[in-house]
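J.: I have a structure I would like to understand better, so I am pasting it below and will then ask my questions one at a time.
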Amino acid sequence: VDTLEITVADIQDQIDEIKSMIITDPEWARIYVYGLRGTLQKGQIYKNWNRISISEYNAIDKKEYYGIDWGYYPDPNAVVGMKFVKNERYVRQILYKKNMSDESFVAELKAIGCNSNSIFVAPTDTGGAKAVSYMQNHGFPLVYTYNKPAGSVKAGIKALRTKPVHYV
């Protein structure tokens, strides 16, 4: 018979993460720490989101950054504007459109007021590297790319669940 001896020191990182989640994501703690039924409605991921008007969003005197999610068919290209104030995020939808070529995507960004000073963050998956190169060569030099690591969707959901989000 093999035995396994584990001390609190061996699992301290997990203990610290659980303590943190009790504070930052009470819904998660309700389910996974206390074993209670969740309070979110079916299909609902976020509870800490608050709708604001476009005038409230525009009144925030912070730099706007743009996040891109590539699509073509059947998935749309999506662009969101984001502003950050302390621990809170402010988000607005800029573009959500299917069947866009790189040329039409860049033309649409210019039409809605994005320019060479606009800062974009974009994944390099699903043809993103080609589209980023096109953007950089056609008026948008400030496109920062990243590779989506394994677990990035789960990490993103956790990040959004633990901070207040205000959306238009």
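The values are calculated or read from the model by the stated rules, or taken from the named source; none is laboratory data. Predicted model, so just to flag it, every value in this text is computed and none were measured. Positions of Cβ are backbone-derived with ideal geometry, glycine not excepted, and every protein chain shown enters the neighbour counts. For the accessible areas, the whole protein counts, side chains as well, though only heavy atoms, and no ligand, DNA or RNA atoms are used. Shrake-Rupley method; radii C 1.70, N 1.55, O 1.52, S 1.80 Å.
J.: Of the residues Thr7, Thr24, which is of a type in the set (S, T, N, Q), in contact (Cβ under 8 Å) with a residue 60 or more places away in the chain and out of contact with any Cys (no Cβ under 6 Å at 6 or more places or on another chain)?
T.: Selected residue: Thr24, the only one of Thr7, Thr24 that is of a type in the set (S, T, N, Q), in contact (Cβ under 8 Å) with a residue 60 or more places away in the chain and out of contact with any Cys (no Cβ under 6 Å at 6 or more places or on another chain).
J.: Just a yes or no: is a residue in region 86-94 at pLDDT below 90, more than 23 Å from Gln136 (Cβ to Cβ) and open to solvent by less than 80 Å² (accessible area, probe 1.4 Å)?
T.: no
J.: For the condition farther than 30 Å from Asn48 by Cβ and surrounded by fewer than 17 Cβ atoms within 10 Å (Cβ to Cβ), what is the one hit in Tyr65, Tyr73, Tyr144?
T.: Going through Tyr65, Tyr73, Tyr144 in turn, just one is farther than 30 Å from Asn48 by Cβ and surrounded by fewer than 17 Cβ atoms within 10 Å (Cβ to Cβ): Tyr73.
J.: Could you list, in sequence order, all residues of region 144-168 that are of a type outside the set (Phe, Trp, Tyr) and without any contact (Cβ under 8 Å) to a residue 60 or more places away in the chain?
T.: Within region 144-168, Thr145, Asn147, Lys148, Pro149, Ala150, Gly151, Ser152, Val153, Lys154, Ala155, Gly156, Ala159 qualify.
J.: Being at pLDDT 85 or above and open to solvent by less than 80 Å² (accessible area, probe 1.4 Å) is the filter here; which residues of region 44-53 pass it?
T.: Answer for region 44-53, where residues must be at pLDDT 85 or above and open to solvent by less than 80 Å² (accessible area, probe 1.4 Å): Asn50, Ile52, Ser53.
J.: So, one more: How many of the residues making up region 80-133 are in contact (Cβ under 8 Å) with a residue 40 or more places away in the chain, outside any strand (DSSP E or B) and not small (Gly, Ala, Ser)?
T.: Number satisfying all stated conditions: 4.
J.: Another one. Looking at (1) more than 25 Å from Ser152 (Cα to Cα); (2) without any contact (Cβ under 8 Å) to a residue 40 or more places away in the chain; (3) in a helix (DSSP H, G or I), can you tell me which one Tyr57 breaks?
T.: Unmet for Tyr57, out of (1) more than 25 Å from Ser152 (Cα to Cα); (2) without any contact (Cβ under 8 Å) to a residue 40 or more places away in the chain; (3) in a helix (DSSP H, G or I): (2).
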